[in-house]
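Values quoted throughout were computed directly from the atomic coordinates according to the rules given, and no laboratory measurement underlies them. Here the structure is a predicted model, which is why all the values come from computation and not from measurement. We place every Cβ from the backbone using ideal geometry, glycine too, and count neighbours over all the protein chains shown.
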Amino acid sequence: MIIEKTLNLLNRFEKGITFLAFAVLVCVMFADVAIREITGTGLHWSRQIGVYANLFVVMFGLGVASSEGAHLRPKFADHWLPESWNPFLTRIQEAIMSLFCLLFAIVAFQVVVETYNDAVQSIVLRVVVWPFQAVIPIAFLLTSIRHLFYTIDPSHRPSTEHERVDEKSNGDDL
Amino acid sequence: MTAALLPVIIILLFVLRQNLIVVLGVATAYAYWAFGDGVIGNIVVDAWDAANKDILLSIPLFILAGNIMSRGGMAARLIHLMKSLTAPIPGGLAIATILSCAAFAAVSGSGMVTLLAIGTLMYPALINAGYPKSFAIGSLCAAGTLGIVIPPSIPLILYGIMTQTSIADLFIAGIGPALVLTFLMLSYAIIQNFGHREGNWDFSYVLRSLKNGVWALLMPIIILGGIYTGYFTATESAAVAVVYSIIVEIFIHKEMKWDVLYEVISETTKLLGSLFPVLMIALSLNVFLTYQEVPQNLVIWLSQRIDNPVSALLGINLFLLVIGCLVDIGSAILILAPMLGPIAFSQGIDPIHFGIIMVMNLEIGYLTPPLGLNIIIAMSIFKEKFWTVCKSTIPFLLIMLLGLMIVSFIPTISLFLIK
């Protein structure tokens, strides 16, 4: 119950942020073109804002992709181990993903701390960069938590795109 | 020993069914640790630098524009238009199918979306009109892949980013090969279905269909026309495409509500969330490999063994065809473009031309087992067995291979609009 509530909350949070960021991305990029056509000069800051908005979209999109089982995964080795191992493999798969995201979040956090200490600024916007960079460790940490939940209780794990197609085609196997 | 351990780790991760981001992330971290300065944090720094480029913005914007168009009624409008235009030609419905796929691909930018949108509507129509089932399945699966080479193509954008090649030029270069493939498929459709006649021209129906489909047809004209005339950059044209698609679907066609737009954005975010973090890590690995002069050394080593562009082209084509069977197109481009690009360039193959060859090779992978994405989608939407779909695609596979050879050995087809 707690897992389900937390996952739903996480999902709403990530989808809400990505929607807002996408709206900002589209608006600033189009405004740049439109204003250039009207006044002859574009918005010099629009691309940098667009880049940061895109960073929010794709980083929190990492969690959205996890929640929908949409991550890219080469599947050629899927049948190399016995099918009876599948429940065990599922937990291992989720545990490794969770651990990877956690380690990436830690390394990214250290980089953000360095950027903060050096007070690195965006040349175009003249604001400090670290709040935007901080999106990387936060997104990876949230994704790590999500996959930890899937490891603990795989029933919350979404079916992947291929599994959904297989179900629709009545399990017609490859 | 240190170098030999890396492939073992990678294979182990594949066996443990890890996502590409984990495999690539671990491989990159291992490379930094074992062969670089040992500072793993540099992956994040390089990934950040990679993401901090405005050229990447064309990817989310083109995917969003394509998804908006796909969720509206664009597919049905294009089909009506193509059917009205091809009615008196032998095999008219088959031709309409291929042309609808080509036109819709230019709007959606995705092979899978094209197959889903056009296939759902055209498959029953082809069967009801008496076309053989194998032709109907094969033509839809094959023509569905046209979206991969017809601009705006996401694989071409990925190739442009990984090899620092102009995306605008790649888009323009995609037009010729797309026309070759479409022409070859159309010729086969006419020869195979010469006895099928749908009826005569109905001029008022043509006019009505044209009126209904004109907004969809204008989309590729705005994008490509804007890029070709130098009016827009690729990123700017993507932003224009999004706003245009919203205006057309919500205000002109009135076939989309605002709440559906929210769903479409979520759907797009899901795609981007699976693609972009991998892209960032792949670019980080690319920086590392370039710093370590790996591609340069690979080129020197291969140059001693390959002495002419023909054998280089044949070898690369064969290699990519095998890779296309096993790995999805996005992953293959992210990993292989920076490695194979320098080899091809050292043999005098134009970077733009090589990008088209690479994408066309991997496009064929959509129709080949075990990974063939269009085969899997066709199984689902046409409710057919895997081998039935595979057999249906064989003639089209041969046609696409012929197209690939033509485009590979006649660079002018890709480059004539650029030069």
Which value in Å is the Kirkwood Rh of the range B:1-89 over different Cα pairs? 17.5
Neighbour-count ranking for B:353, A:79 (other C-beta within 10 angstrom, fewest to most) reads A:79, B:353
Relative to chain B, whose Cα atoms define the longest principal axis, helix B:386-409 and its Cα axis are tilted in degrees, nearest 10, by 70
From DSSP H assignment alone, runs of 4+ in chain B each adding -39500 (n - 2.57), the sum over residues rounded to the nearest 500 puts [θ] at 222 nm at -25500 deg cm²/dmol
What does the structure give for B:42-53 when I average, per residue, the other chain Cβ atoms found within 10 Å of the residue Cβ? 5
Angle, helix B:111-128 long axis vs. longest principal axis of chain B, Cα atoms, 0 to 90°, nearest 10? 30
Quick one: putting +1 on the C-beta of Lys and Arg, -1 on the C-beta of Asp and Glu, what dipole do you get for the protein assembly as shown around its Cα centre, in Debye to the nearest 20? 1040
Helix check for chain A. Which DSSP H runs span at least 18 Å along their own axis by Cα, with a mean Kyte-Doolittle hydropathy no less than 0.0? A:2-39, A:46-67, A:86-117, A:135-152
Out of B:157, B:323, B:357, any idea which swings most in a Gaussian network model of chain B, alpha carbons joined below 10 Å? B:323
When the convex hull of the Cα atoms of the range B:315-419 is projected onto a plane and the area is averaged over all directions, what value comes out in nm²? 7.1
Using a Gaussian network for chain A with springs between C-alpha atoms less than 10 Å apart, which of these wobbles most: A:100, A:140, A:30? A:30
Calculated from DSSP H runs of 4 or more alone, at -39500 (n - 2.57) each and per residue, what is the 222 nm mean residue ellipticity of chain A, nearest 500? -24000 deg cm²/dmol
Point-to-point label distance, residue B:39-residue B:255, nm (Cα→Cβ direction, 7 Å offset): 5.4
Roughly how crowded by other chains is peptide B:21-28, in terms of the mean Cβ count from those chains within 10 Å of each of its Cβ atoms? 4
Expressed as a whole number of Å, what is the distance separating the alpha-carbon centroids of the range A:17-62 and the range B:299-357? 35
Could the peptides B:100-106, A:85-91 be put in order, highest first, of the mean number of other beta-carbon atoms found within 10 Å of their residues? B:100-106, A:85-91
Under a Gaussian network model of chain B whose springs join Cα atoms within less than 10 Å, the largest fluctuation of B:271, B:207, B:16 belongs to B:16
If each Cα of chain B is one equal point scatterer, what is log10 of I(q)/I(0) from the Debye formula at q = 0.10 Å⁻¹? -0.69
If you build the convex hull over the alpha carbons only and average its shadow over all orientations, what do you get for the range B:106-240? Give it in nm² to one decimal. 9.6
Across the protein assembly as shown, how large is the tail of the calculated P(r) beyond 46 Å, expressed as a percent of all Cα pairs? 12
Quotient of Cα Rg and 2.2 N^0.38 Å for the range B:228-355, N being how many residues it contains: 1.45
Debye, to nearest 20: dipole size of the range B:180-299, +1 on Lys, Arg Cβ, -1 on Asp, Glu Cβ: 280
How far is helix B:41-51 tilted, in degrees, relative to the longest principal axis of the Cα atoms in chain B, given as a value from 0 to 90 rounded to the nearest 10? 30
Given C-alpha coordinates of chain A, what is the ratio Rg to Rh with the Kirkwood estimate of Rh? 1.08
